[in-house]
Amino acid sequence: MSTRDLFKAWEKGGGLLKKQPPLKERIGKTIYRLKIQKDKLEMATMRMQKQDRSLFEKCVEAQLAKDPIRAAMYANECAEIRKMLNIMLRAQLAIEQAILRLETVQEFGDVVAVMAPVASVVNVLKTQLSGIIPEVSYELGAIGEELNGIVTEVGEATGRSWEIEAASEEARQILEKASFVAEQKMKEALPEIPSTEIPSKESTNRKM
């Protein structure tokens, strides 16, 4: 593919990329769509944090009222919410990293190297969020298909192959970093769940 053809595909579209819109425009739209999903995750995270605070307060109140059964129930619910919060926060942070990488694409030759790992990250997040926020998961699936399509088309047009191992390794690093930061943010933002112990029947009978 000549330099002239590369510039045409990047700035004007068409050419060897199946008469698609300009690649620059397609990447810009993908960034916009990812930002929308990140915003949705932020809103959902805020709602879930409020729910966590409410359950935490109820757990403390139950402990003060010497009601270990209710305290344990609220503590378990709190723990389940925090598992979902962790997944959502990790996804949010990983999407931020994906957006930053896409925003660094300045020329046609960068596309495969940058977008292949981003596509892998998006596809992983789609699976992780499917049982928590289905609408975000669905949209990430569509974005992942678009990214995969761009990588494949550019690879065919330039003769550059998609190095799956390299892309997977970079995707793993993005996800691991997001997981680490999410854990730190969770510790800073949420108080530790009180330890609860439901008394056995024997100890209850002894008190009676």
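Name the pairs whose Cβ atoms lie under 9 Å apart, with the first residue in the range 165-184 and in contact (Cβ under 8 Å) with a residue 60 or more places away in the chain, the second among the charged types (D, E, K, R) and assigned to a helix (DSSP H, G or I), and 6 or more positions between them or separate chains?
Going by the 9 Å Cβ cut-off, the qualifying pairs are I174/R101; L175/R90; A178/R90; A178/E96; S179/R90; V181/R90; A182/R90; E183/R90.
Is it true that some residue in the range 67-88 is surrounded by 17 or more Cβ atoms within 10 Å (Cβ to Cβ), closer than 29 Å to P191 by Cα, touching a Phe, Trp or Tyr at 6+ places or on another chain (Cβ under 6 Å) and hydrophobic (A, V, I, L, M, F, W, C)?
Yes - at least one qualifying residue is present in the range 67-88.
Determine, yes or no, whether M73 is without any contact (Cβ under 8 Å) to a residue 12 or more places away in the chain and under 20 Å from Q51 (Cα atoms).
Working: without any contact (Cβ under 8 Å) to a residue 12 or more places away in the chain: yes; under 20 Å from Q51 (Cα atoms): yes.
Here the answer is yes, as M73 does meet what is asked.
Inspect the range 153-173 for any residue being surrounded by 14 or more Cβ atoms within 10 Å (Cβ to Cβ), modelled with pLDDT of 90 or more, farther than 17 Å from V122 by Cβ and not acidic (D, E) and give the result as yes or no.
no
In the range 47-57, how many are farther than 12 Å from E192 by Cα and either among the polar types (S, T, N, Q) or in contact with a Cys (Cβ under 9 Å, 6 or more places away or on another chain) (or both)?
So the answer is 4.
Given I95, I99, which one is in contact with a Lys or Arg (Cβ under 8 Å, 6 or more places away or on another chain), surrounded by 22 or more Cβ atoms within 10 Å (Cβ to Cβ) and part of a helix (DSSP H, G or I)?
On the way: I99 fails: surrounded by 22 or more Cβ atoms within 10 Å (Cβ to Cβ).
Within the list I95, I99, the selection yields I95.
Of the conditions (1) within 29 Å of the chain's Cα centre (by Cα); (2) surrounded by fewer than 18 Cβ atoms within 10 Å (Cβ to Cβ); (3) of a type in the set (F, W, Y); (4) at pLDDT below 90, Y32 satisfies every one except a single condition; which number is it?
Just one mismatch for Y32, condition (4).
Of (1) part of a helix (DSSP H, G or I); (2) aliphatic (A, V, I, L, M); (3) at pLDDT below 85, A116 satisfies all except one. Which?
It fails just one condition, (3).
The values are calculated or read from the model by the stated rules, or taken from the named source; none is laboratory data. Everything numeric here is computed off the predicted structure, so don't read it as measured data. Neighbour counts run over all protein chains shown; Cβ positions are idealised from the backbone, glycine included.
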